[in-house]
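The values are calculated or read from the model by the stated rules, or taken from the named source; none is laboratory data. Because the structure is predicted, anything quoted here is derived from the model rather than measured. Positions of Cβ are backbone-derived with ideal geometry, glycine not excepted, and every protein chain shown enters the neighbour counts. To get the accessible areas, we keep the full protein, side chains included, count just its heavy atoms, and leave off ligands, DNA and RNA. Shrake-Rupley method; radii C 1.70, N 1.55, O 1.52, S 1.80 Å.
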Amino acid sequence: MSRGGVMTIVKRELAGYFVSPVAYVFLVIFLLLTGFFTFTVGNFFERGEASLVSFFTWHPWLYLFLVPAVGMRLWSEERRLGTMELLLTLPIATWQAILGKFLASWIFLAIALALTFPVIITVNWLGDPDNGVIASGYVGSVLLAGSYLAVSCMTSAMTRNQVISFILSVLILLFLILCGYNPVTDLLSRWASPQVVQIVAAFSVMTHFEAFQRGILDSRDVVFFASVIGFALFTTGVIIRGLRAG
Amino acid sequence: MIKVENLVKNFGPKIAVNDVSFNVERGEVLGFLGPNGAGKSTTMRMVTGFIPPTAGRISVGGYDMLANPIPAKRLIGYLPENAPSYADMTVHGFLNFAAEMRAIDGDARKRAVNRAVEMCMLENVLYQTIDTLSKGYRHRTCLAQSIIHDPDILVMDEPTDGLDPNQKHEVRNLIKRMGANKAIIFSTHILEEVDAACSRVIIIDRGKIVANGTPDELRRRSHRAGAVAVVVSGVSAAQLSEALAAIDLVAKVETLSETPAQAIVRAHPQTPEQKPALVRAVLDLIAQQQWRIEDLRTEEGHFDEVFRSITLPDTMKEARP
Ligand SMILES: Nc1ncnc2c1ncn2[C@@H]1O[C@H](COP(=O)(O)OP(=O)(O)OP(=O)(O)O)[C@@H](O)[C@H]1O
Ligand SMILES: [Mg+2]
């Protein structure tokens, strides 16, 4: 029955996405933006290579705003409407509610990502790409979205206000990007020893996402994203427990 | 079924619930009364496992709410204050969700939803989105959610809030009916509801239980309980009062009104139980004096008066530092 609780919540939340026009608006914006970054900013055609590098490169930045837009309401809305009281007095554990809500949004993001499949068709039609690399890029992108989402889930539990939840989440994610973003690490290496730079960069989603784009599925990168998700969801649980204790 | 011992809840320095203990057994309907901010909702939130107590024990159907929350919560149906629900769902979808979360599947779920819909009279809005419902219907939707699994224990925070008079009446009857084989706690600000539905009442004020008893017991605390008011013509109020005061049973007389044509005087017995004896004595007196009696009213005591006398002096003290 314990898995049933999680699945019921996933179903409810997912259904919630598709009855609201906001979800469709989100999907359209998501697809337009990925298209824009891939083809215009990323110079997809001018590159003259059959790969999705220009597609995946932008995902950490694209998700920086799009994922918090999905995650910001997760718990803040439950708090604002008082449905949290309803949900958490049902015969389920708090972690089941957290996991269920998280999974539903993650699945929604995965659906959005899956809808980018025309780029795969395009690149296969134009040339002869390594589809293994593309698959690995998608896996990395889903994990990246999951980590961002878990962070947004955490910030959404901190406040009833979705806007504050969004801003907090963007700030934390920006930090997670920048500590491994090349221009920043270059700057950092002028003052700090290479080991320090490396340690800081190890916390960055950039460092770990890069390998996936190159088609390298390293268990350490998977573990990194899984740890971010695990840590953020655990912290969500701690925050909710604190809220209830008053 | 519900056993609460020495419950305490602090919010920072504020003591919201202070050493509250009570039991509710199957077949009992416990009414929770108290001024705003008394701690009723906070107590209910602890009983239903939404917030942990600062101190104290809660046992629900034999399960400790802190140590073993899931089986305890399975037994409870809960209508939170302000009746929250998922606004983007239809009534039907929401009730299905509630049933599924309670692990009611297949045909049983269909039956459970139908039953709750019928009991809360939601047939007309079944496929309407909750955020398009009127307040009363939203409230009933959340009420339906709380009884979807036919729970042994019901906790309802202001179940008749926002309902029209007919619906209030229906919901009271529903509570009373269900109370026959469930343990129910509900809070209210409507004192008639206590009479209409409760078998026992707890009045809570600033976190503490200040009264606990059956509605009749509490009513008898009213200083008017058992009083007899008579309307007599052809006699002055002073004369009537004097004669009534001379009766042994009478503790106090009050003149309620006086016109040249008639006087209205109320006599209070020493204890509410003396009411029948007092009625006889008053009638004997009037017959003996050959006064013309126009009307005679006896008082059962008033809840609002008891409520005020228990909770008001203290709040006034607080207001005057
Ligand atoms: N989460 C919280 N944080 C801080 N204080 C709280 C919290 N919840 C309740 N309180 C305080 O605890 C006290 C009791 O509140 P509670 O909601 O239990 O009152 P109530 O009896 O239900 O009142 P009402 O009749 O207005 O519904 C109030 O003073 C309230 O301000
Ligand atoms: Mg309340």
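A quick yes/no check of all residues on (1) open to solvent by 90 Å² or more (accessible area, probe 1.4 Å); (2) of a type in the set (Ser, Thr, Tyr); (3) under 24 Å from A:Thr122 (Cα atoms); (4) in contact with a Gly (Cβ under 6 Å, 6 or more places away or on another chain):
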residue	(1), (2), (3), (4)
A:Met7	yes, no, no, no
A:Val10	no, no, no, yes
A:Leu27	no, no, yes, no
A:Gly35	no, no, yes, no
A:Val53	no, no, yes, no
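Do we have B:Glu273 as within 30 Å of B:Asp295 (Cβ to Cβ), more than 16 Å from the chain's Cα centre (by Cα) and either assigned by TED's automatic domain parsing to the domain that holds B:Leu143 or surrounded by fewer than 21 Cβ atoms within 10 Å (Cβ to Cβ) (or both) here?
On the way: within 30 Å of B:Asp295 (Cβ to Cβ): yes; more than 16 Å from the chain's Cα centre (by Cα): yes; either assigned by TED's automatic domain parsing to the domain that holds B:Leu143 or surrounded by fewer than 21 Cβ atoms within 10 Å (Cβ to Cβ) (or both): yes.
Criteria met by B:Glu273.
When you look at B:Ala67, is it assigned to a loop (DSSP other than H, G, I, E, B), within 9 Å of chain A (Cβ to nearest Cβ) and not polar (S, T, N, Q), yes or no? Outline the logic, then answer.
Working: assigned to a loop (DSSP other than H, G, I, E, B): yes; within 9 Å of chain A (Cβ to nearest Cβ): no; not polar (S, T, N, Q): yes.
Answer is no for this residue.
Looking at (1) at pLDDT 95 or above; (2) at the interface with chain A (Cβ under 10 Å from one of its Cβ atoms); (3) closer than 16 Å to B:Pro159 by Cα, which one does B:Thr141 not meet, given that it meets all the others?
Exception for B:Thr141: condition (2).
Of the conditions (1) over 23 Å from A:Val238 (Cα atoms); (2) surrounded by fewer than 19 Cβ atoms within 10 Å (Cβ to Cβ); (3) away from ligand 1 (no atom under 14 Å from the Cβ), B:Ile15 fails just one. Which one is it?
Of (1) over 23 Å from A:Val238 (Cα atoms); (2) surrounded by fewer than 19 Cβ atoms within 10 Å (Cβ to Cβ); (3) away from ligand 1 (no atom under 14 Å from the Cβ), only one is false for B:Ile15: (3).
Those residues that are within 16 Å of ligand 2 (Cβ to nearest atom) and either facing another protein chain (nearest Cβ under 7 Å) or assigned to a loop (DSSP other than H, G, I, E, B) (or both), I need them from the stretch B:70-101; list them, please. Write out each step before concluding.
Applying the first criterion (within 16 Å of ligand 2 (Cβ to nearest atom)) to the stretch B:70-101 yields B:78-84.
Of everything in the stretch B:70-101, those that are within 16 Å of ligand 2 (Cβ to nearest atom) and either facing another protein chain (nearest Cβ under 7 Å) or assigned to a loop (DSSP other than H, G, I, E, B) (or both) turn out to be B:Tyr78, B:Pro80, B:Glu81, B:Asn82, B:Ala83, B:Pro84.
Kindly check whether there is at least one residue in the stretch B:2-12 that is crowded, with 17+ Cβ neighbours inside 10 Å and within 16 Å of ligand 2 (Cβ to nearest atom).
So far as the stretch B:2-12 goes, yes, one or more of its residues are crowded, with 17+ Cβ neighbours inside 10 Å and within 16 Å of ligand 2 (Cβ to nearest atom).
For B:Asp150, all conditions in the list (1) within 12 Å of chain A (Cβ to nearest Cβ); (2) open to solvent by 20 Å² or more (accessible area, probe 1.4 Å); (3) closer than 20 Å to B:Asn173 by Cα hold save one; what is the number of the exception?
(1) is the only condition that B:Asp150 fails.
Filter the stretch A:36-55 down to residues that are within 18 Å of the chain's Cα centre (by Cα) and either in contact (Cβ under 8 Å) with a residue 60 or more places away in the chain or not in a helix (DSSP H, G or I) (or both), then give me how many there are.
Keep residues of the stretch A:36-55 that are within 18 Å of the chain's Cα centre (by Cα), which gives A:37, A:55.
Cutting the leftovers down to either in contact (Cβ under 8 Å) with a residue 60 or more places away in the chain or not in a helix (DSSP H, G or I) (or both) gives us A:55.
Residues in the stretch A:36-55 being within 18 Å of the chain's Cα centre (by Cα) and either in contact (Cβ under 8 Å) with a residue 60 or more places away in the chain or not in a helix (DSSP H, G or I) (or both): 1 in total.
Is there a residue being open to solvent by 10 Å² or more (accessible area, probe 1.4 Å), within 16 Å of ligand 2 (Cβ to nearest atom), modelled with pLDDT under 95 and of a type outside the set (D, E, K, R) anywhere in the stretch B:22-34?
no
Working only within the stretch B:12-55, note down all residues that are within 14 Å of chain A (Cβ to nearest Cβ), over 18 Å from B:Asn82 (Cβ atoms) and in a strand (DSSP E or B). Steps first, answer last, please.
Applying the first criterion (within 14 Å of chain A (Cβ to nearest Cβ)) to the stretch B:12-55 yields B:12-17, B:39, B:41-55.
Those left that are additionally over 18 Å from B:Asn82 (Cβ atoms): B:12-15, B:17, B:49, B:52-55.
If the condition is that a residue be within 14 Å of chain A (Cβ to nearest Cβ), over 18 Å from B:Asn82 (Cβ atoms) and in a strand (DSSP E or B), then B:Lys14, B:Ile15, B:Val17, B:Ala55 are the ones that fit.
Among the helices (runs of 4 or more DSSP H) contained in the stretch A:56-135, which hold 2 or more residues that are among the charged types (D, E, K, R)?
On the way: elements: A:59-71, A:73-81, A:83-87, A:94-114, A:117-126.
Correct list: A:73-81.
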